[in-house]
Amino acid sequence: MEYPVVILRFDPEKDAHPHYQEFIVDTAPHERVLDVLLKIKSEQDSTLGLRKSCGHGVCGSDAMLINGENRLACSTLVRDLKSNRIKVEPLPGASIVKDLIIDTDAFWTKYQEVMPYLVNDEAPPDRERLQRPEEHEMIEESTRCILCGACSHACPTSWANDSYLGPAALLKAYRFIFDSRDHADQERLRKVTSDHGIWKCYTAYNCVEACPKDIDITWHITRLKKASLGL
Ligand code: FES
């Protein structure tokens with residue numbers, strides 16, 4: 001079956017502005033949008049720029065705006081789109097490096113800001129630092145994040161405020177603040193309660209809608225807000 005596929009193209013070496021280009025692709029409803037893009041790249045235009053790696057919803061590299069929603073191209077089937085026209089654009093709210101590739105520097109800077117690693121100066125035990133099942137339960141959902149950025153690039157506060165940490169970084173902060181083995185929770189809490197932290201979240205829930213791993217990010221940010229009241 002033939003599908004029209006419209007892609008936002010931009011090559012900073014040639015184009016003054018981004019523009020849309022339409023391709024006709026012979027594909028099947030059970031194929032993934034990633035397959036469609038790779039087919040275009042291999043059969044019609046090898047210059048098409050996109051990121052992808054694992055192809056299985058693990059690495060988070062192929063988040064993009066697909067028919068108006070932030071999704072992973074490798075986890076979105078053509079038949080999921082409920083439209084015979086496929087429109088693919090880069091994630092919103094970031095500068096375009098080329099075609100579907102965005103500049104992720106700001107995203108990773110904010111991620112680093114919340115200290116995304118375990119802090120524990122105690123001598124490590126022989127095997128591993130253990131926690132009880134109920135302690136792990138507190139952070140289990142947050143550990144499912146694959147850092148694709150779909151949430152942060154769906155967030156209206158992030159679009160309006162370049163310095164806002166954004167849902168992905170705040171979720172990562174939660175992941176370590178509520179980890180029973182971590183000792184830097186107070187330091188991280190101070191970081192997320194700064195002027196560009198949790199209180200800039202107005203619970204729009206766009207991040208929850210966008211998350212390909214069904215993480216209720218807004219709930220986690222709300223837990224951070226409650227924890228910060230004890231500072
Ligand atoms: Fe890795 Fe899609 S290619 S998540």
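Among residues other than K225 whose Cβ falls under 15 Å from its Cβ, what is the net charge (Lys/Arg +1, Asp/Glu -1)?
Value of the local net charge: +3.
The magnitude of the dipole of the stretch 141-229, with charges of +1 and -1 set on the Cβ of Lys/Arg and Asp/Glu and taken from the Cα centre, is near 180 debye.
In a simple Cβ point-charge model (Lys, Arg +1; Asp, Glu -1; nothing else charged), the chain has a dipole of about 320 debye relative to its Cα centre.
Counting Cα-Cα pairs of the stretch 83-171 in 10 Å increments starting at 0 gives whole-percent bin shares of 13, 35, 27, 16, 8, 1. In plain terms, the bigger the Kirkwood radius, the slower the diffusion; for the stretch 66-118, with that radius from Cα pairs, at 20 °C and 1.002 mPa s, Stokes-Einstein puts D at 162 µm²/s. Scoring 70-76, 28-34, 171-177, 211-217 by mean Cβ neighbours within 10 Å over their residues and listing the highest first yields 171-177, 70-76, 211-217, 28-34.
Other residues lying with their Cβ under 14 Å from the Cβ of Y20 contribute a combined charge of -3, Lys and Arg counting +1, Asp and Glu -1.
Among beta bridges identified by DSSP and lying wholly in the stretch 1-105, the antiparallel ones come to about 85 percent. The residues neighbouring A210, those whose beta-carbon lies less than 15 Å from its own, together hold a net charge of -4 under the Lys/Arg +1, Asp/Glu -1 convention. Taken along the Cα-to-beta-carbon direction at a fixed 7 Å, the label points for D162 and H30 span 4.8 nm. Using only alpha carbons, the stretch 39-86 has a radius of gyration to Kirkwood radius ratio (Rg to Rh) of 0.97.
For a 4.7 Å threshold on C-beta separation, the list of partnerless cysteines in the chain reads C74, C145, C148, C155, C201, C211. Only helices enter this figure: runs of n ≥ 4 DSSP H residues, each worth -39500 (n - 2.57), summed and divided by the residues of the chain, yield -8500 deg cm²/dmol at 222 nm to the nearest 500. The residue among A210, N161, I177 whose Cα reaches farthest toward the positive pole of the charge dipole of the stretch 126-217, with charges on the beta-carbon of Lys, Arg, Asp and Glu, is N161.
A Cα-only calculation for the chain places Rg and Dmax at 19.7, 61 Å.
Here, each number is a calculation from the coordinates, and none is a lab measurement. Since the model is a prediction, treat every value here as computed from it, not as a measurement. Quick reminder, even Gly has a Cβ in these numbers, built from the backbone with ideal geometry, and neighbours come from all protein chains shown.
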